[in-house]
Structure formats: C-alpha cells, structure tokens
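See below for the structure under consideration.
The values are calculated or read from the model by the stated rules, or taken from the named source; none is laboratory data. In this text, all values refer to a predicted model and were calculated from it rather than measured experimentally. Every residue, glycine among them, receives a Cβ derived from its backbone with ideal geometry; neighbour counts consider all protein chains shown.
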Amino acid sequence: MLRFYYIYYRRGALLGLGLLLTLVSTVIAQEKATLIIQGEVEKELVLTSLDLIKMKRDKATLIDRGGVSHHYEGVPITTILDSAGVTLGNKLRGENLSKYLLVKCGDGYQVLFSLAELDHSFTDRIVILADHMDGKPISDGRGPFRLIVPGEKVPARSSFEVVSFTIGFAKD
Ligand SMILES: Nc1nc2c(c(=O)[nH]1)N[C@H]1C(S)=C(S)[C@@H](COP(=O)(O)O)O[C@H]1N2
Ligand SMILES: [Mo]
C-alpha cells in the first residue's frame, strides 16, 4: 500500500517538476525576448516583455485555423509605433501614405501592412501585439509576441514569434 502511494507520489513529483521547468523556461524566454522597431522611425526602440506590460494594453479575439476562438491581450501596435515616433494620426498624409510596416518573425515569416491600414484615423480595427493568450503567456514556439489582426477571413497575418517591426517607404 505504501509502495503504491510512493509510486504515485513520484509520478506526481515528476509531473510537477516538468510543469515547473516548462513555466520557468517560458518565463526566461519571455524576459529575454525583444521586439525591435526600426527603419523610418524617429527613434529606434528595443522593447522587452516588461516594457510591454507597462504600456497601454488592450484585448482582441481571434479564431484559429481550427475554428476555436481565443482571447489575446497585449499592446495596440499603434501605441508601439507612436512611441517610436512613426508618422501616424495627423502626420499620416501625403507621401507618408506610402509607408509600410513589415513584421518579421523568428521563423522567417514576414507580413506587410500599409500604415493607413493600422491608423485610428483610417480604421476602427485595433491590431495588437499580444503577449498573453487565454490568460497565459504565449509559449509553444508561438511567443512570446504574437500579432493579432482581427476582422480578416484568415488568420494568416496574425504572425507569431514576432521579433521586429520595420517601417519602410514604398514610394519611388
Ligand atoms: N511566424 C509565423 N506566424 C504565422 C504563420 C507562420 O508560418 N509563421 N502562419 C500563419 C498562418 S498561414 C496561419 S493560418 C496562422 C495560424 O494560427 P493559428 O494556429 O492560431 O490558427 O498563423 C499565421 N502566423
Ligand atoms: Mo494559414
């Protein structure tokens, strides 16, 4: 009988240790990860998870490939772009309308937006850079930062493992 409990105790302890290690590695990856905002900016930024926690935050819902809805939380990307001095709001006119945001990910995936697609004077849609999904930090090689682009028919621009935002000029 005692031996029976011991086996269960051991199994539980191993499971607990496994969970703890997963949690610790997620937290370490989360703290080490950075997001670089570069290119046509007033000042280049390197943000960490801690910086994002301190910024104005918002929520968004995204239906995944399998049709399941998930709740995400993070920072509106316009807030991030604003703090790097990107030409949004009343500065988004004339030649600045040919500027774009190129989002780059850890796996080499890249997606593009025109600034006007994101700016609040053009659209009500709020695209966020999420660091939490369903109340937990984003892990499983999909985090720590994931772009959430609501209102599209496919979640293809909702890039995970985001590492940088590059602002460019498409004008020729
Ligand atoms: N970094 C990165 N993000 C990505 C992809 C990718 O290959 N790499 N695939 C995209 C595509 S095509 C889809 S359909 C969604 C899938 O996300 P989901 O598993 O939450 O549905 O992620 C998008 N984000
Ligand atoms: Mo996809």
## Note on the structure
Residues of segment 100-158 being out of contact with any helix residue (DSSP H, G or I) (no Cβ under 9 Å at 6 or more places or on another chain) and hydroxyl-bearing (Ser, Thr, Tyr), in sequence order, are TYR109, SER158
### Query
What number of residues within segment 136-149 satisfy the criterion of being more than 16 Å from ligand 2 (Cβ to nearest atom) and within 18 Å of ASP58 (Cβ to Cβ)?
6
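In segment 150-160, what residues are assigned to a loop (DSSP other than H, G, I, E, B) and surrounded by fewer than 19 Cβ atoms within 10 Å (Cβ to Cβ)?
PRO150, GLY151, GLU152, LYS153, VAL154
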### Message
Restricting to segment 63-98, name every residue that is buried (at least 19 other Cβ atoms within 10 Å of the Cβ), away from ligand 1 (no atom under 16 Å from the Cβ) and within 15 Å of the chain's Cα centre (by Cα).
### Response
VAL75, PRO76, THR78, ILE80, LEU81
#### Entry: Selected residue (criterion: nearest to ligand 1 (Cβ to nearest atom)) from residues of segment 150-172 that are among the β-branched types (Val, Ile, Thr) and in contact (Cβ under 8 Å) with a residue 12 or more places away in the chain
VAL162
### Query
With ALA60, ALA33 as the choices, which residue is surrounded by 14 or more Cβ atoms within 10 Å (Cβ to Cβ), modelled with pLDDT of 95 or more, in contact with a strand residue (DSSP E or B) (Cβ under 9 Å, 6 or more places away or on another chain) and at negative phi?
ALA60
### Query
Given GLY94, GLY168, which one is at positive phi and away from ligand 2 (no atom under 16 Å from the Cβ)?
GLY94
#### Entry: Tally, over segment 128-141, of residues that are on the phi < 0 side of the Ramachandran plot, exposed (fewer than 15 other Cβ atoms within 10 Å of the Cβ) and within 10 Å of ligand 1 (Cβ to nearest atom)
0
### Task
Could you tell me which of the residues LEU112, LEU147 is surrounded by 15 or more Cβ atoms within 10 Å (Cβ to Cβ) and touching a residue at least 12 places away in the same chain (Cβ under 8 Å)?
LEU147
